[in-house]
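Engineer: After the structure tokens below, expect a handful of questions from me.
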Amino acid sequence: MLNDLYNPKTEAIAAIYTEAIRRYDPRRATTPIHVSFYPYVGINHTIRVRDNQIFVRIGDLCREMPIVCHRGLAFILIGKLFRRKIPAGAREAYAAYINSEAMRELTSRNKRERGRKFVNTPKGSVYDLELIFDNLNAAYFSGRIPKPVLTWSARKTYRILGHHDSHHDHIAISRSLDSPDVPRYVVDYVMFHEMLHIAHPTIHKNGRRHNHTAAFKRDEQKFAHFGPAERWIEQNVGKLKRAAKK
Ligand SMILES: [Zn+2]
């Protein structure tokens, strides 16, 4: 932990990106912008446009970056996106953090730790979540679901097989399912369910949250192997539980 004071929330960071957009191109000032942190190994960030919205993923290593350095990074990324000249000082503001002693220490510690632990990538030993997501997105959503961070869970959970975290724009699928004993349509089904959570955002009514609305459930049944997938899970939960305890 470097210093909690320097841990700006993603909303505050998003506001800086909006400022950068306005500065480069006032006509695009109202473009919705989504900022999230992503578990990239090393220092890496991405920016892309989808459905007239801008998605920024900032490498996890910059979670504790001071806001002035985020400002520099915002002007660099938006400038690159719009193919514009990066204003003076932006690169320096960002580089000040990247080249700092604290950051160097964090980078080397991160590399050491990731060498030891699971590398949290969407590619499992059997199934590739990126591929599964892309195929489902094309088959059922006309490719309209913006891709969240996709990871296998660190542990083999068996009660919860998938989880969508809208705040962090993240879908985790239980590592229990990354096995040759699990049919592909089961992994597809669990992913499909989590994708429906993106297509049908939580509704707040009378102070209650509704996740699995009637519309959600109707769409869920459109999955080609809905019945068999439900049955397989029902019949194999014991097996998954035993595998999780090994
Ligand atoms: Zn659900």
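Engineer: Under 6 Å by Cβ, and 6 or more places apart or on different chains, what pairs join a residue from the stretch 215-228 that is assigned by TED's automatic domain parsing to the domain that holds Asp188 and away from the ligand (no atom under 14 Å from the Cβ) with one that is of a type outside the set (A, V, I, L, M, F, W, C) and assigned to a helix (DSSP H, G or I)?
Structural biologist: If the second residue must be of a type outside the set (A, V, I, L, M, F, W, C) and assigned to a helix (DSSP H, G or I), the pairs left are His225/Tyr185.
Engineer: Does Ala243 satisfy the criteria of being surrounded by 15 or more Cβ atoms within 10 Å (Cβ to Cβ) and away from the ligand (no atom under 16 Å from the Cβ)?
Structural biologist: In short, yes.
Engineer: Can you tell which of Val237, Val187, Val182 is over 17 Å from the mean Cα position of the chain (by Cα), β-branched (Val, Ile, Thr) and over 22 Å from Ala139 (Cα atoms)? It would help to see each step written out before you state the result.
Structural biologist: Working: Val187 fails: over 22 Å from Ala139 (Cα atoms); Val182 fails: over 22 Å from Ala139 (Cα atoms).
Residue meeting the stated conditions: Val237.
Engineer: If Asp178 satisfies every condition in (1) farther than 16 Å from Lys123 by Cβ; (2) of a type in the set (Asp, Glu); (3) more than 15 Å from the ligand (Cβ to nearest atom) but one, which is the exception?
Structural biologist: Exception for Asp178: condition (1).
Engineer: I want to confirm something. Restricting to the stretch 90-131 and keeping residues that are modelled with pLDDT of 70 or more and of a type in the set (Lys, Arg), which single residue is nearest to Val190 (Cα to Cα)?
Structural biologist: The extreme case among them is Lys123.
Engineer: Which residues, taken from the stretch 132-158, are at pLDDT 90 or above, assigned to a loop (DSSP other than H, G, I, E, B) and in contact with a strand residue (DSSP E or B) (Cβ under 8 Å, 6 or more places away or on another chain)?
Structural biologist: Within the stretch 132-158, Pro146, Pro148 meet the criteria.
Engineer: Do we have any residue at all in the stretch 158-169 that's surrounded by 15 or more Cβ atoms within 10 Å (Cβ to Cβ), in contact with a Lys or Arg (Cβ under 6 Å, 6 or more places away or on another chain) and not assigned by TED's automatic domain parsing to the domain that holds Glu11? Even if it seems obvious, please write down each step before you answer.
Structural biologist: Step one: of the stretch 158-169, the residues surrounded by 15 or more Cβ atoms within 10 Å (Cβ to Cβ) are 158, 161-164, 169.
This time we only want the ones that are in contact with a Lys or Arg (Cβ under 6 Å, 6 or more places away or on another chain), so: 158.
Cutting the leftovers down to not assigned by TED's automatic domain parsing to the domain that holds Glu11 gives us 158.
Among the residues of the stretch 158-169, at least one is surrounded by 15 or more Cβ atoms within 10 Å (Cβ to Cβ), in contact with a Lys or Arg (Cβ under 6 Å, 6 or more places away or on another chain) and not assigned by TED's automatic domain parsing to the domain that holds Glu11, which makes the answer yes.
Engineer: Take the conditions more than 16 Å from the ligand (Cβ to nearest atom), crowded, with 17+ Cβ neighbours inside 10 Å and either outside the structural domain of Ile54 (by TED's automatic domain parsing) or under 19 Å from His34 (Cβ atoms) (or both) and apply them to Asn206. Does it pass?
Structural biologist: Numbers: more than 16 Å from the ligand (Cβ to nearest atom): yes; crowded, with 17+ Cβ neighbours inside 10 Å: no; either outside the structural domain of Ile54 (by TED's automatic domain parsing) or under 19 Å from His34 (Cβ atoms) (or both): yes.
For Asn206, the condition - more than 16 Å from the ligand (Cβ to nearest atom), crowded, with 17+ Cβ neighbours inside 10 Å and either outside the structural domain of Ile54 (by TED's automatic domain parsing) or under 19 Å from His34 (Cβ atoms) (or both) - is not met.
Engineer: Here's something else I'd like to know. Would you mind stating whether Val186 is part of a loop (DSSP other than H, G, I, E, B), within 29 Å of Lys245 (Cβ to Cβ), touching a helix residue (DSSP H, G or I) at 6+ places or on another chain (Cβ under 8 Å) and modelled with pLDDT of 95 or more?
Structural biologist: Working: part of a loop (DSSP other than H, G, I, E, B): no; within 29 Å of Lys245 (Cβ to Cβ): yes; touching a helix residue (DSSP H, G or I) at 6+ places or on another chain (Cβ under 8 Å): yes; modelled with pLDDT of 95 or more: yes.
For Val186, the condition - part of a loop (DSSP other than H, G, I, E, B), within 29 Å of Lys245 (Cβ to Cβ), touching a helix residue (DSSP H, G or I) at 6+ places or on another chain (Cβ under 8 Å) and modelled with pLDDT of 95 or more - is not met.
Engineer: Of all the residues that make up the stretch 147-157, how many are touching a residue at least 40 places away in the same chain (Cβ under 8 Å) and surrounded by fewer than 14 Cβ atoms within 10 Å (Cβ to Cβ)? Spell out how you get there, then give the answer.
Structural biologist: At the first step, the residues of the stretch 147-157 found to be touching a residue at least 40 places away in the same chain (Cβ under 8 Å) are 148-149, 151, 155-157.
From what is left, the residues that are surrounded by fewer than 14 Cβ atoms within 10 Å (Cβ to Cβ) are 155.
Of the residues in that region, 1 qualify.
Engineer: Filter the stretch 195-212 down to the residues that are more than 25 Å from Leu129 (Cβ to Cβ) and not in a strand (DSSP E or B) and list them by number.
Structural biologist: Across the stretch 195-212, the qualifying residues are Asn206, Gly207.
Engineer: Of all residues in the stretch 26-49 being out of contact with any Phe, Trp or Tyr (no Cβ under 6 Å at 6 or more places or on another chain) and of a type in the set (D, E, K, R), which is surrounded by the fewest Cβ atoms within 10 Å (Cβ to Cβ)? If you could, list the steps in order and put the result at the bottom.
Structural biologist: First pass over the stretch 26-49, keeping only residues out of contact with any Phe, Trp or Tyr (no Cβ under 6 Å at 6 or more places or on another chain): 26-32, 35-47, 49.
Of the ones still in play, those that are also of a type in the set (D, E, K, R) are 27-28.
Numbers: Arg27: 8, Arg28: 14.
Within the stretch 26-49, the match that is surrounded by the fewest Cβ atoms within 10 Å (Cβ to Cβ) is Arg27.
Engineer: Is it fair to say His167 is more than 12 Å from the ligand (Cβ to nearest atom), of a type outside the set (Ser, Thr, Tyr) and in a strand (DSSP E or B)?
Structural biologist: Values: more than 12 Å from the ligand (Cβ to nearest atom): yes; of a type outside the set (Ser, Thr, Tyr): yes; in a strand (DSSP E or B): no.
Criteria not met by His167.
Engineer: Same structure again: Quick check: anything in the stretch 142-152 within 16 Å of the ligand (Cβ to nearest atom) and over 15 Å from the mean Cα position of the chain (by Cα)?
Structural biologist: no
The values are calculated or read from the model by the stated rules, or taken from the named source; none is laboratory data. Keep in mind the model is a prediction, meaning the values are calculated, not measured. Quick reminder, even Gly has a Cβ in these numbers, built from the backbone with ideal geometry, and neighbours come from all protein chains shown.
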